[in-house]
1. Toward the positive end of the charge dipole of region 5-124, about the Cα centre and with charges on Cβ (Lys, Arg +1; Asp, Glu -1), which of Leu63, Ile90, Ile17 goes farthest?
2. Let me have the 222 nm mean residue ellipticity of the chain computed from DSSP H runs of 4+ only, each contributing -39500 (n - 2.57), with the sum over all residues rounded to the nearest 500.
3. Treat the count of other C-beta atoms within 10 Å as a stand-in for reagent exposure and order Ser78, Ser55 from fewest to most.
4. What value in Å³ per residue do you get for the convex hull of the alpha-carbon atoms in the chain?
5. Relative contact order of region 5-124: what whole-number percent is it, with Cα pairs under 8 angstrom and at least 6 residues apart?
6. Is there a quick way to get the dipole size of the chain? I mean about its Cα centre, with the Cβ of Lys and Arg at +1 and of Asp and Glu at -1; what is the value in debye to the nearest 20?
7. Taking the beta-carbon count within 10 Å as an exposure proxy, list Ser25, Ser157 from fewest neighbours to most.
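Every number here is computed from the coordinates shown, using simple stated rules; none is lab data. Quantities reported herein were computed from a predicted structural model and do not represent experimental measurements. Cβ placement follows ideal geometry from the backbone for every residue including glycine, while neighbour counts extend to all protein chains displayed.
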Amino acid sequence: MPSYQVRPAVAGDADAIAAVHAASSRAAYEGLVPDHESLPLEKRRAFWRDAIEFSEPQVQVALDEEGALVGFTGYDRSRDPKSKPTTGEIWALYVLPSHWNHGAGLALWDATREGLLGEDCTDVTLWIPLCNTRALRFFELAGFKRENNTARTAVISGVKLEEIRLKRKLD
């Protein structure tokens, strides 16, 4: 199994992060949403450039053994209303499909967990469309539990998808 190095993102990573975001989203929602881009690549680049510059969210990247960026995570305090100030949120965790099931996601989750603990968070949440069974399985194996009373509708590429919040203690 390959090993992955995780480090904080730098400004020069924005293009690769946007490409990973687009490729992973397309693969995750193939057959569920139209094939067109819901968020043009340039808007993705701009979003991640700003996130890296302002640390909102904090961004970490996973590099393969050759040093290529193959995944990323974005995390910060929870954006959910009424959440405690000690609750963190995973805003994004994406890995190139060619690196799924090889440990990149786990390396990114470990870095996210460490980063949130360093921010004195005691819990972490994230939102996932119910149809993204791969992501649900990954996070449930990582100890997250579904909060069934949190279901809401998200629009991805013009398609309404039900999503649910997952939560776990950081320990």
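1. Ile90
2. -10000 deg cm²/dmol
3. Numbers: Ser78 23, Ser55 12.
So the residues, fewest neighbours to most, are Ser55, Ser78.
4. In the chain, the Cα convex hull volume per residue is 115 Å³.
5. Relative contact order comes out at 27 percent.
6. It comes to approximately 680 debye.
7. Ser157, Ser25
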